[in-house]
1. Does residue 36 satisfy the condition of being surrounded by fewer than 15 Cβ atoms within 10 Å (Cβ to Cβ), in the same structural domain as residue 149 (by TED's automatic domain parsing) and under 22 Å from residue 146 (Cβ atoms)?
2. Return only the number of the condition from (1) crowded, with 19+ Cβ neighbours inside 10 Å; (2) modelled with pLDDT of 95 or more that residue 48 does not satisfy.
3. Looking at residue 110, is it modelled with pLDDT under 95 and assigned by TED's automatic domain parsing to the domain that holds residue 173?
4. Let me spell it out: the conditions are (1) part of a strand (DSSP E or B); (2) touching a Gly at 6+ places or on another chain (Cβ under 7 Å); (3) among the aliphatic types (A, V, I, L, M), and residue 77 meets all of them except one. Which number is the exception?
5. Would you check which residues across the stretch 119-156 are β-branched (Val, Ile, Thr), over 17 Å from residue 80 (Cβ atoms) and either part of a strand (DSSP E or B) or not assigned by TED's automatic domain parsing to the domain that holds residue 83 (or both) and list them?
6. In the stretch 7-49, what residues are outside any strand (DSSP E or B) and within 23 Å of residue 102 (Cβ to Cβ)?
7. Given the conditions (1) touching a residue at least 12 places away in the same chain (Cβ under 8 Å); (2) exposed (fewer than 15 other Cβ atoms within 10 Å of the Cβ); (3) not assigned by TED's automatic domain parsing to the domain that holds residue 178, and given that residue 59 satisfies all but one, which numbered condition is not satisfied?
8. Would you confirm, using the coordinates I've provided, whether residue 116 is modelled with pLDDT of 95 or more and surrounded by fewer than 21 Cβ atoms within 10 Å (Cβ to Cβ)?
Amino acid sequence: MTTALRIGFVTGATPDKWARHWRARRREPLELVPVTESDQLDGVRDGSLDMALVRLPVDREGLHCVRLYDEAQVAVASRDHVLAAADEEVTTDDLVDEQLVRPHPSGWTPAAEQLDWPTMTEQEAIETVAAGTGVVILPMSVARLHQRKDVVSRVVTDLEPTTVALVWLVERDDEVTQAFVGVTKGRTANTSR
């Protein structure tokens, strides 16, 4: 029996299209494994995953990394929050007096003195802002995944987009790995590298 190709995917990444193309072209089974952003590299580094769809930045030492797509960042707040009155977009200037219930990965912080929040998942952060406390900035796909009727999300136009990439160990650069890279890059069954 052929060993399954195990691909981790971070919250918000959408590997379904690539999995369908893989299964239509290849005999090797494919197993998709959800991972959190905090442990997105662990399985690749310890060998329990062959590859992973991760959200950059990551420590790339010993890894191949192929950027796949960028994604807008959104501010999520309670439907009763002043942010709800904004059209579809805001800037960090619009958020300067806000409490971030979860630190932003870029290190950007509003000018307002920030409270010391406990560590929380994306879902917990959205539940917190739904209760009317602060805002959270997340990749658009993550905000959509945890969408609720009592929150709104607005694109933050002056924050750099987040990037989803495919990573794998340098020493695992075999034909099967390159075949999956090809699928993510849009190569057809008849395209060569």
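The values are calculated or read from the model by the stated rules, or taken from the named source; none is laboratory data. From a predicted model like this one, the values you see are computed outputs, not experimental measurements. No Cβ is skipped: glycine too gets one built from the backbone with ideal geometry, and neighbour counts run over all protein chains shown.
1. It is false that residue 36 is surrounded by fewer than 15 Cβ atoms within 10 Å (Cβ to Cβ), in the same structural domain as residue 149 (by TED's automatic domain parsing) and under 22 Å from residue 146 (Cβ atoms).
2. It is condition (1) that residue 48 fails.
3. Against the criterion (modelled with pLDDT under 95 and assigned by TED's automatic domain parsing to the domain that holds residue 173), residue 110 does not qualify.
4. All conditions pass for residue 77, except number (2).
5. Hits for the stretch 119-156 are 137, 155, 156.
6. Residues satisfying the conditions are 11, 12, 13, 14, 36, 37, 38, 39, 40, 41, 42.
7. It is condition (3) that residue 59 fails.
8. no
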